[in-house]
Amino acid sequence: MDGEQYLEQATLGAGCFWCVEAVFQNLKGVYKVVSGYTGGKVKDPNYREICYGRTGHAEVAQITFDPNQISFKDLLEVFWKTHDPTTLNKQGADVGTQYRSAVFYHNDEQKQIAEEYKTKLDQAGIFDDPIVTEITPLDVFYEAEDYHQNYFNDNPSQPYCQFVVKPKVEKVKAVFSEKLK
């Protein structure tokens, strides 16, 4: 495999997947971000089922990245700073288990990094309340329907994008400018 890079994946839930996808798309070392569902009990769920919150799935973004350009810990730094990890099953006006804060780890190293990072943030009192982010192994990832992919970029004038997604993207640009493509 000469000349090929080694890519890894991270799967993160931080509310609506449109936000999570948009937050990570423009980071150096991120090659692909796919919106989808994981963590539930229904096989092949669809968006309508997820919206009712009865399948147990979370809306997530699966991020394919080059660890030589951006580390899993760097991705977690962006993750922790772009949503509220202290609210259970809620991000802003989005309420339900499908919007929970979650790290679905792909291997033991990711589990260890996520658990240590969460503990350090809690011990440092970074947030006023304890972090409730779920750290659990990735089971099956289901890609969301096509119209959910690249949603913010394809629908920038949509009200949800203007009022919810865009401020998160702007925050990433301001806080993590050195990590942008």
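Against the list (1) modelled with pLDDT of 95 or more; (2) of a type outside the set (D, E); (3) crowded, with 19+ Cβ neighbours inside 10 Å, the condition Q91 fails is (1). Applying the condition of being touching a residue at least 40 places away in the same chain (Cβ under 8 Å) and part of a helix (DSSP H, G or I) to the stretch 123-165 and asking which residue is nearest to I50 (Cα to Cα) yields H148.
Return only the number of the condition from (1) in a loop (DSSP other than H, G, I, E, B); (2) in contact with a strand residue (DSSP E or B) (Cβ under 7 Å, 6 or more places away or on another chain); (3) of a type outside the set (V, I, T); (4) closer than 24 Å to D146 by Cβ that R54 does not satisfy. Going through (1) in a loop (DSSP other than H, G, I, E, B); (2) in contact with a strand residue (DSSP E or B) (Cβ under 7 Å, 6 or more places away or on another chain); (3) of a type outside the set (V, I, T); (4) closer than 24 Å to D146 by Cβ one by one, R54 breaks only (2). Checking the structure you have, find out if any residue of the stretch 41-49 is hydroxyl-bearing (S, T, Y), at pLDDT 95 or above and closer than 25 Å to P156 by Cα. No, the stretch 41-49 contains no residue that is hydroxyl-bearing (S, T, Y), at pLDDT 95 or above and closer than 25 Å to P156 by Cα. Is it fair to say P45 is more than 23 Å from Y151 (Cα to Cα) and in contact (Cβ under 8 Å) with a residue 60 or more places away in the chain? No, not satisfied. How about the stretch 65-101: which of its residues are part of a strand (DSSP E or B) and of a type in the set (K, R)? Answer for the stretch 65-101, where residues must be part of a strand (DSSP E or B) and of a type in the set (K, R): just K90.
With respect to (1) within 18 Å of K171 (Cα to Cα); (2) in contact (Cβ under 8 Å) with a residue 60 or more places away in the chain, the lone exception for H106 is condition (1). Y99 passes every criterion in (1) touching a residue at least 60 places away in the same chain (Cβ under 8 Å); (2) crowded, with 19+ Cβ neighbours inside 10 Å; (3) within 14 Å of the chain's Cα centre (by Cα); (4) under 22 Å from F65 (Cα atoms) apart from (4).
Does F104 satisfy the criteria of being aromatic (F, W, Y) and assigned to a helix (DSSP H, G or I)? Taking the combined requirement at face value, the residue does not satisfy it. If you go through the stretch 117-128 and keep only what is of a type outside the set (S, T, Y) and either on the phi > 0 side of the Ramachandran plot or surrounded by 12 or more Cβ atoms within 10 Å (Cβ to Cβ) (or both), you end up with K118, L121, D122, G125, I126, F127. Residue-level check: of (1) surrounded by 23 or more Cβ atoms within 10 Å (Cβ to Cβ); (2) among the hydroxyl-bearing types (S, T, Y); (3) in contact with a helix residue (DSSP H, G or I) (Cβ under 6 Å, 6 or more places away or on another chain), Y105 misses just (1).
The values are calculated or read from the model by the stated rules, or taken from the named source; none is laboratory data. Bear in mind the structure is a predicted one, so any value in this text is a computation, not a measurement. Don't worry about glycine lacking a Cβ; one is built from the backbone with ideal geometry, like all the others, and counts go over all protein chains shown.
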